[in-house]
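What follows is a single structure, written as structure tokens, with notes after it.
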Amino acid sequence: MSLKLLYVVPNTGKYAGIERVVDEVASGIARTYPGTIDVDVVHLSRYPNVEIVDRPYRAYQEDVKGRIDLLATLRRAMTRQDYDLIVIPQVEGSVIGWMASLGVRRRIVLHLHGNPDREKSHLRARILFFMMKAVVLRSLAGILGTSPRQLTAFQAMMPSDAPRYWAPNPVRQLDARQRDRAPGDPIVFVNVGRFAYQKGQDILIAAFARLWAIRQDVRLKIVGYGTMEAELRSQVARLGLEACVSFEHHPENPQVPLVASDVYVSTSRWEGWSLAICEALRVGLPVLATDCDFGPSDILVDARLGRLVPKDDEVRLAEGMLHFCEHIDAEARHAGFRRDFIQRYDLDKVVGVHASALMEIAAASQSGPRAARQEAVGDARVSPGPS
């Protein structure tokens, strides 16, 4: 008998991080495990830039309007079949899913994506987090996380004996490789991400100004879009960096700016993982990243991949950028190692990790009380992830 699996995609109205990850992983599981895992996905909103058609899983696309409609739509989706597991992203979504299934026994798997501690930013979120800790947590079938440190932090925040698994996000294939820099060419640093306080581009610009004061053979590309764009452009103008800092927008193809650069810089104040770092490694770029919660330190596990500096520290960030300038040729020799390393996050490998975790969670859920499966859970252990 096949494992009946339902993924719930939140009603964000956009096809971005969580939405793309669920779509790709669910598609991969449906293609790889036909007859073993039966996959349904309910998308709670429609996307202006992507149409959910011709998927290998059964797709249900809704257009939720308001909280009552959300609960009713979720309940209808969760009771459509006798699902073995229902995977729901984030704490808030999992609590709402639990509320929608009251009176109907459903095994929910919480799928962490971001930084849970940062999600309690408003009253509604704090209430739902309280409900998770007080009521919902004990009923979870399992917990998936995008990074080991994220899972460890969540266990400290909300201790439970629910089995926890590191199930990283897949990294898409990029065809091109980093450029062959000619002697005398400027050294190009690049950052890709939303223009938002979380991503720390303000610190990046301040650090680059320090680097520019030392040497003028450097350039910075800031790629993305967001609410802070005007503020960031103003900062560049105020620091007199308009000749050496450029803003670009490549929403569908990050490889365009990546392959035209020499070093990737991640300045996030917090993350859940970092697909942007992984995509930079995919084309062979070395990475300089802030050691934030969570993600960069879980990815940059070898000095040939990149370096970590403290977050919110423009001086140390500038020093790190200077280090790459002084060792740019030596760093280029590790490009092949980086491309080989990141293959562990190819879709087919990540799909295998997700599927194995879900099958183990389902088997444990059917074997009886949690106390009987403590050996599988261990002391805050997680699965090793892909290798």
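The table for this structure:
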| read-out | value |
| --- | --- |
| Qualifying strands (runs of 3 or more DSSP E) (wholly inside region 131-238; at least 1 residues being among the β-branched types (Val, Ile, Thr)) | 142-145, 187-192, 218-223 |
| Among the candidates Ile52, Ile37, residue that is among the hydrophobic types (A, V, I, L, M, F, W, C) and touching a residue at least 60 places away in the same chain (Cβ under 8 Å) | Ile37 |
| Residue selected from region 209-230 under the condition closer than 18 Å to Tyr264 by Cα and of a type in the set (Gly, Ala, Ser), by the criterion nearest to the chain's Cα centre (by Cα) | Gly224 |
| Restricting region 9-34 to residues that are in contact (Cβ under 8 Å) with a residue 24 or more places away in the chain and more than 22 Å from the chain's Cα centre (by Cα), the residue that is farthest from Ser356 (Cα to Cα) | Arg31 |
| Any hit, region 59-74, residues being buried (at least 18 other Cβ atoms within 10 Å of the Cβ), assigned by TED's automatic domain parsing to the domain that holds Asn11 and under 13 Å from Leu5 (Cβ atoms) | no |
| Residues of region 285-314 satisfying the condition of being under 24 Å from Leu112 (Cα atoms), without any contact (Cβ under 8 Å) to a residue 40 or more places away in the chain and small (Gly, Ala, Ser) | Ala289 |
| Odd one out for Val87 among (1) touching a Lys or Arg at 6+ places or on another chain (Cβ under 9 Å); (2) surrounded by 14 or more Cβ atoms within 10 Å (Cβ to Cβ) | (1) |
| Qualifying positions in region 32-52 - under 20 Å from Val351 (Cα atoms) and either part of a loop (DSSP other than H, G, I, E, B) or outside the structural domain of Glu62 (by TED's automatic domain parsing) (or both) | Tyr33, Pro34, Gly35, Thr36, Ile52 |
| Tally of residues being of a type outside the set (Phe, Trp, Tyr), in contact with a strand residue (DSSP E or B) (Cβ under 9 Å, 6 or more places away or on another chain) and more than 20 Å from Leu112 (Cα to Cα) across region 250-282 | 15 |
| Unmet criterion (only one of (1) touching a residue at least 60 places away in the same chain (Cβ under 8 Å); (2) buried (at least 17 other Cβ atoms within 10 Å of the Cβ); (3) among the acidic types (Asp, Glu)) for Asp175 | (2) |
| Some residue of region 181-189 being buried (at least 22 other Cβ atoms within 10 Å of the Cβ), closer than 22 Å to Asp40 by Cβ and not small (Gly, Ala, Ser) | no |
| The listed residue being more than 20 Å from Lys221 (Cα to Cα) and under 18 Å from the mean Cα position of the chain (by Cα), out of Asp298, Asp302, Asp340 | Asp298 |
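The values are calculated or read from the model by the stated rules, or taken from the named source; none is laboratory data. Everything quoted here is computed from the prediction, not taken from an experiment. In this analysis, Cβ positions are derived from the backbone assuming ideal geometry, glycine residues included, and neighbour counts consider all displayed protein chains.
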